[in-house]
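The values are calculated or read from the model by the stated rules, or taken from the named source; none is laboratory data. Keep in mind the model is a prediction, meaning the values are calculated, not measured. Virtual Cβ from ideal backbone geometry, glycine too; neighbours counted across all protein chains shown. The protein model used for the area step is the full one, side chains on, heavy atoms only, and it has no ligands, DNA or RNA in it. Shrake-Rupley method; radii C 1.70, N 1.55, O 1.52, S 1.80 Å.
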Amino acid sequence: MADRVPLVDYLVLSEDPRLVARECERCAARFFDRRNACASCGATTFRGVDIPRTGTLVTYTIVSVAPPGVAVPFVAAVVDCGGTAVRGNLVNVAPDPGRLTPGMELRLTTVSVGTDGAGTEAVGYGFEPA
Amino acid sequence: MTQDVWILGISMTKFGKHRGKDTVDLASEAALAALADAGVGMTDIEVLAAGSLMAGTSAFGQQLQKQIGQTGIPVYNVANACATGATALRTVIMAIKAGEADLGLAVGVEKLSGAGLLGPATRRKESDTWVPDGRFGAVAPLDGRIGTESMPGVFAQIGLEYGHKYGGADFELFARISEKNHAHSTLNPLAAYSKRFTLEEIMNDVMIAYPNTRPMCSANCDGAAAAVVVSGTRLRALPLEQRRRAVKISASVLTSDPWREGCQVLPDVNTLTRQAAARAYEQAGLGPRDLDLVELHDCFATAELVHYDNLMLCEEGGAVDFFNSGATWRDGKTPVNVSGGLESKGHPIAATGIANVWEICHHLRGEAGDRQIEGARAGLAHVIGLGSACGVHVLEKAAV
Ligand SMILES: [Zn+2]
């Protein structure tokens, strides 16, 4: 199997790819980026928590005009995964407001970003209709 | 007791394309006009706050001084995204309230014509090998791969989230908000665009980020605005004519976004606006129903809807009904963005937070000409800079 790397470090590539958040050990606030401290309570210790692989659509937009290098159109969205808000694109669904309804059920999936000069594939994620 | 503070003079340049003028020219034009409007000179000013995000210098205020008056006073160069102008104004107000000055000048300016889509300031280069970088350990740029970083897309999601939560907000409703602001702009000679659009024209224009089409997005343009602020003590010693045109700053509030679940996933522009509004109404001793007009930050049509609610102009969850009632048209009970708003007046970023205050003052002074809101006695100016910062100023007509 060729080498694969995740697009972001909070995506874990395995048999069941999943997102892992940094959860504040004191107040349980969840973050996806590298932390210095908790923005909610100021604590400095975190644990990794698996985010549910299914969720519901909170809101979206269909981006039709974007800076050079960004392929359009695409559906940018916020997904509620068991109470944690997650940013991601909607994939495997037409970029058509008629097909997109807040509240719709979604599931996590992986998306190839491309292969670098050394033959390593970068893999990102998106959400598709469940 | 803390010092009361007043706008003594205020001005904005025409918004639009100023090919022959640079940033300092525009700022000088606005500053000199504000000083003339106040009936004072640069030698009377004891503190200067200036902002320009695109000027490319961290000492913009000093560049301005070198054109209009190097008097040795302290200069605060401020930056706070789209709330930069409001921050400059608030900085001067704080200096006066602190007793460090009796007269101050706040200036905001931007040259933005043709700047195109506003989004992330720098975009990572695609690399030949994947190397994790930044706070997400990303091996490639994330804009477009994990959501959007473009402003029209961010605010589109904010509007649709509100629409889903409370119902009734569809593409056409957001387009009708834009229709209102463009209609208002036809009465504003200083607006960058003062063309009325039909609903069909707005909905059939270029889609930027659904549901925001091009006329539903704020207009990039050049422009400057400036305000002279005076302490109550100094104002009382001035001639009647200056006191009559002075406008009372009944509230001046700046907030940042408090942490909420999800706020680092999609910016929460609601909580900090609601908190700023609540504090402003308390400071002013006024409620939303006392306002004769409101200039709020319609950087996108989708943003205007949520701010009806955040500024408590309507009941919680009632923004759609509030708009549908006609309340926010210039002949409604709470006219919103009679200047045309950012969608048509234009949005030269650092100037916006002072230009909004200028619009309110213009009406409170009874000097707004064709677009005058008759008998206006109180108004509110709101701006939001994504990141986020929210500025709210409540203004009242002088009692003399
Ligand atoms: Zn915490």
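For the pair the range B:126-159 / the range A:81-125, the C-alpha centres are spaced 13 Å from each other.
Work out, in µm²/s and without decimals, the Stokes-Einstein translational diffusion coefficient of the range B:1-153 at 10 °C, 1.306 mPa s, Rh from Kirkwood over C-alpha pairs.
Details: Rh = 17.8 Å.
Once the numbers are plugged in, D ends up at 89 µm²/s.
How big is the dipole moment of the protein assembly as shown about its Cα centre under a simple scheme where the beta carbon of each Lys and Arg is +1, that of each Asp and Glu is -1, and everything else is neutral? Debye, nearest 20, please.
Using Cβ point charges on Lys, Arg, Asp and Glu, the protein assembly as shown gives about 980 debye.
Solvent-accessible surface of the range B:1-156, taken per residue with a 1.4 Å probe and all protein chains present: 42 Å². Equivalent-ellipsoid semi-axes for the range B:245-400 (Cα gyration tensor, √(5λ), whole Å, largest first): 24, 17, 15.
Compared with the dominant Cα axis of chain B, that is its longest principal axis, helix B:23-38 is turned about 40°. Beta-bridge orientation, the protein assembly as shown: approximately 80 percent antiparallel, per DSSP, counting only bridges with both partners inside. Across the range B:381-389, computed HN-Hα scalar couplings (Karplus, 6.51 cos²θ - 1.76 cosθ + 1.60, θ = phi - 60°) run 10, 10, 9, 9, x, 5, x, 9, 9 Hz from first to last residue, x flagging Gly and Pro. Put simply, chains A and B cover up around 3800 Å² of each other's accessible surface, both sides summed, when a 1.4 Å probe is used.
The share of C-alpha pairs in the range B:123-199 whose separation exceeds 14 Å stands at 74 percent. I'd like the residues of the range A:67-83 whose 1.4 Å-probe accessible area shrinks by no less than 10 Å² going from the isolated chain to the full set of protein chains. Buried-area filter returns A:67, A:68, A:69, A:70, A:74, A:76, A:78, A:83. Absence of a disulfide-compatible partner, taken as no other cysteine beta carbon within less than 4.7 angstrom, is noted in chain A for A:81. Each Lys or Arg adds one and each Asp or Glu takes one away; over the other residues whose Cβ falls under 13 Å from the Cβ of residue B:24, this sums to -2. Within the listed set B:355, B:98, B:225, the residue fluctuating most in the Gaussian network model of chain B (springs between alpha-carbon atoms under 10 angstrom) is B:98.
Over the C-alpha atoms of the protein assembly as shown, the Rg to Rh ratio, Rh being the Kirkwood estimate, stands at 1.00. The distance from the alpha carbon centre of the range A:4-80 to that of the range B:207-223 is 28 Å, rounded to a whole number. Taking a quarter of the surface of the Cα convex hull of chain B gives a mean projected area of 19.9 nm². Across the range B:305-371, counting alpha-carbon atoms alone, Rg and Dmax equal 12.9, 35 Å.
For the residue pairs B:333/B:397; B:17/B:333; B:165/B:397; B:66/B:111; B:17/B:97; B:14/B:165, the C-alpha atoms sit more than 27 angstrom apart in B:17/B:333; B:165/B:397; B:17/B:97; B:14/B:165.
Taking a sphere under 12 Å around the Cβ of residue B:109 and counting the other residues whose Cβ falls inside, with K and R at +1 and D and E at -1, yields a net charge of -3. Please return the longest stretch of chain B lacking exposed loop sites, where GluC sites (Glu not before Pro) count only if DSSP places them in a loop and at most 13 other Cβ atoms lie within 10 Å. Value returned for the longest uninterrupted segment is B:127-314.
Would you mind working out the accessible area per residue for the range A:19-130, using a 1.4 Å probe, and quoting it in Å²? Before the final figure, lay out the partial values.
Numbers: 4750 Å² over 112 residues.
Here the per-residue accessible area is 42 Å².
When both bridge partners sit in chain B, DSSP labels roughly 75% of those beta bridges antiparallel. At a threshold of 40 Å², the residues of the range B:248-268 that become less accessible to a 1.4 Å probe in the full protein assembly than in their chain on its own are B:259, B:261, B:264, B:265. One quarter of the convex hull surface built on the alpha carbon atoms of the range A:77-130 amounts to 4.4 nm², the projected area averaged over directions.
Per the 1.4 Å probe, what fraction of the accessible area of the protein assembly as shown, in percent, lies on carbon and sulfur atoms?
49 percent
For the range B:197-212, state which residues have at least 50 Å² less accessible area in the presence of all protein chains than in their chain by itself, taking the probe as 1.4 Å and leaving out ligands, DNA and RNA. At a threshold of 50 Å² (probe 1.4 Å), the residues of the range B:197-212 that become less exposed are B:208, B:210. Look at the alpha carbon pairs under 8 Å that are at least 6 residues apart: their mean separation over the length of chain B gives a relative contact order of 26 percent.
Direction-averaged projected area, Cα convex hull, the range A:6-130: 9.2 nm², rounded to one decimal.
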